Amino acid sequence: MRLFSGRGDNEEEKRHIYRMYEKLVSIGDDYWIENEAGERAFYVDGKALRIRDTLIFRDLMGNDLYKITGKLLRIRDTMDIKRADDGLAATVKKDLINILRDKWRVEIPDGHDMEIRGNILDHEYEIESEGRKIAEVSKKWFRLRDTYGVEIEPGQDNALILAIAAALDQMSHD
């Protein structure tokens, strides 16, 4: 039985679904992110005993894809996501004022910025770019208590979207 269905049979047109584990995205914890079939897709290495929070995203072959680091001494929560070549891929920031629901901003140096709206703490939010939804994060797809899903629209950098979700989880549960 499939939990979700993509729009088409063509792999490029299909949405990608990943399973992440709540509160396991913490410094010092290592864990796997699984695809919708329950197969391992990405490995997250939480580096403990560092001055700054650090998570390393790796592919199945052990190659570094992204490094997530927390910035020290900021007025608002901020985490940088760097590529394996140490170039900045994204900066995730919490908005200073949010009355009704969480709102975060993802600044992409060489692309379109993203906005994140919803309930970050409960893992019920959407990621938008240029006014359209590119990913949704939700617990409603899984019966397991500490599990949530990330559904990513076609044409996105899946590892980057998952790194953004991990950064949000880290910042909201600190």
Restricting region 87-106 to residues that are at pLDDT 95 or above and over 14 Å from the mean Cα position of the chain (by Cα), the residue that is surrounded by the most Cβ atoms within 10 Å (Cβ to Cβ): 88
Extreme residue, modelled with the lowest pLDDT, among residues of region 60-76 that are among the charged types (D, E, K, R) and surrounded by fewer than 18 Cβ atoms within 10 Å (Cβ to Cβ): 74
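Looking only at residues in region 108-132 that are in a strand (DSSP E or B) and surrounded by fewer than 15 Cβ atoms within 10 Å (Cβ to Cβ), which one is modelled with the lowest pLDDT?
119
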Every residue from region 133-174 that is part of a loop (DSSP other than H, G, I, E, B) and among the small types (Gly, Ala, Ser): 155
Residue pairs meeting the criteria (Cβ under 7 Å; at least 6 apart or on separate chains; first on the phi > 0 side of the Ramachandran plot, in region 107-118; second loosely packed, with under 14 Cβ neighbours inside 10 Å): 118/101
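The values are calculated or read from the model by the stated rules, or taken from the named source; none is laboratory data. Computed from a prediction, not measured in an experiment: that's the story for all the values here. Neighbour counts are summed over all protein chains in view; Cβ atoms, including those assigned to glycine, are modelled from backbone coordinates with ideal geometry.
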